[in-house]
1. Restricting to the range 65-109, name every residue that is within 23 Å of Ala15 (Cα to Cα) and among the hydroxyl-bearing types (Ser, Thr, Tyr).
2. Evaluate the range 18-30: report whether one residue or more is surrounded by fewer than 21 Cβ atoms within 10 Å (Cβ to Cβ) and free of Cβ contacts under 8 Å to residues at least 40 places away in the same chain.
3. Say whether the condition of being touching a residue at least 12 places away in the same chain (Cβ under 8 Å), on the phi < 0 side of the Ramachandran plot and away from ligand 1 (no atom under 15 Å from the Cβ) is met by at least one residue in the range 89-96.
4. For the range 196-235, name all the residues that are surrounded by 13 or more Cβ atoms within 10 Å (Cβ to Cβ) and under 24 Å from Met388 (Cβ atoms).
5. Kindly list the number of the only condition in (1) surrounded by fewer than 17 Cβ atoms within 10 Å (Cβ to Cβ); (2) over 26 Å from Lys26 (Cβ atoms) that fails for Asp152.
6. Name the residues in the range 168-211 that are touching a helix residue (DSSP H, G or I) at 6+ places or on another chain (Cβ under 8 Å), of a type in the set (D, E, K, R) and not in a helix (DSSP H, G or I), would you?
7. Got a sec? Which helices (runs of 4 or more DSSP H) wholly within the range 279-382 have at least 1 residues that are at pLDDT 95 or above, crowded, with 17+ Cβ neighbours inside 10 Å and out of contact with any Leu (no Cβ under 8 Å at 6 or more places or on another chain)?
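The values are calculated or read from the model by the stated rules, or taken from the named source; none is laboratory data. All values derive from a computational prediction rather than experimental measurement. Methodologically, a virtual Cβ is constructed for each residue, glycine included, from the backbone with ideal geometry; neighbour enumeration extends over all protein chains shown.
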Amino acid sequence: MPEPRVVSGMRPTGALHLGHYHGALKNWVRLQSEFPCFYFVADWHALTTHYDTPEMIEHSVWDMVIDWLAAGVDPAQATLFIQSRIIEHGELHTLLSMITPLGWLERVPSYKDQQEKLADRDLATYGFLGYPLLQSADVLIYRAKYVPVGEDQVPHIEFMREIARRFNHLYGREPGFEEKARAAVRRMGSRKAKLYEKLRTAFQEQGDAEALAAARALVEEQQNLTAGDRERLFGYLEGGGRMILVEPEALLTETSRLPGLDGQKMSKSYGNAIALREDPEDIRRKIRTMPTDPARVKRSDPGDPLKCPVWQFHQVYSDEKTRAWVNEGCRSAGIGCLECKQPVIDAVLAELAPVRERAQMYLDDPTLVRNIVADGCEKARQFAQETMREVRDAMGLAQS
Ligand code: TRP
Ligand code: SF4
């Protein structure tokens, strides 16, 4: 059985910053050595909101891949590609759109939220409404188990689970499913077949979730099954049809949240960001001038770290000892704000030095990046095509 796959994407809408690094990229880097990971540039998704500035997208695509590589994403471990180059994502999106109730899309919270937040753009488009469905195609096409995303994306993962379930329910019911499933059970060998039946009964009659997990594991470790039989056994367990599309799970990033320089969410459009490849002198200046507790007007005024965005940086970058020094020094006016910021400046610069160095290597040789992406696309496409053959088949679109 192949290992569980990880899929995640990012929209190319400008240079990546420290918020992306701490919120997502560090997690990607960690995951790449644990699972087969597919990371892609979601350029179609960028068009759902930025359809009127295509030149920005075109430029950001390559910059973003360089940022990923600079941050430590390793093309020898992870598969890196561009969404629009794997045309099958678009095909699956179209096919899934046939079975997607409009109400499901309208109910996704980001639909109304983003329309309100980005009120200067006309987002009353078909593409924008379909955002979560396109995202579903991105993930389902690789039959991914895990999707590392931020909290705000959890409803999208919930949505794709429902789509996968609906798909399997509608199209996983091949003629003679029950008989084929029972034949597959027998092929497990009598001891394992008995255990499978016992666990299946426990789940179906008592809703025993542990039994379900155990039965799934049993099927996963079974060596001699065809892919079709394996899907039947998964589907038979839960009483549905063949499991053609896999329901993915969100993998929430536990890394600490790094806010922007003003304490708001870090975002280029708020002007409170530090870019990954920002010039060190600019980084120094930005941190030196970042706001502090407004009550500390004079050096002799005591402050409260809880009212200061610099403190949030210390939470991410400083050890316990430094944090204690800040806490005492701030509350007693024992240290000045510039003094307090110095360890943060040092830590950010130290963190970004190797990032900048790696980025330079890729900037000096653009063919390196092109080749990495070409290889990644080819690999991703193979997985995508395999899934599409089954999807087409299930939907009456077989080629022969
Ligand atoms: N919607 C994601 C975001 O805004 C980007 C994205 C597109 C994505 N397709 C995806 C993330 C598939 C995970 C999986 O961050
Ligand atoms: Fe903020 Fe540090 Fe100044 Fe206190 S001393 S207000 S924590 S910058």
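1. Residues satisfying the conditions are Thr79, Ser84.
2. The answer is yes; a qualifying residue exists.
3. Yes, that holds for at least one residue.
4. Val219, Glu220, Leu225, Gly228, Asp229, Arg230, Glu231, Arg232, Leu233, Phe234, Gly235
5. Among (1) surrounded by fewer than 17 Cβ atoms within 10 Å (Cβ to Cβ); (2) over 26 Å from Lys26 (Cβ atoms), the lone unmet condition for Asp152 is (2).
6. Glu174, Arg187, Asp208
7. Those helices (runs of 4 or more DSSP H) span 309-317, 320-331, 337-364.
Condition check ((1) more than 9 Å from ligand 2 (Cβ to nearest atom); (2) within 30 Å of Ile66 (Cβ to Cβ); (3) under 34 Å from the mean Cα position of the chain (by Cα)) across all residues:
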residue	(1), (2), (3)
Asp304	no, no, no
Val316	yes, yes, yes
Glu320	yes, no, yes
Ala324	yes, no, no
Gly336	no, no, no
Lys341	no, yes, yes
Val348	yes, yes, yes
Leu352	yes, yes, yes
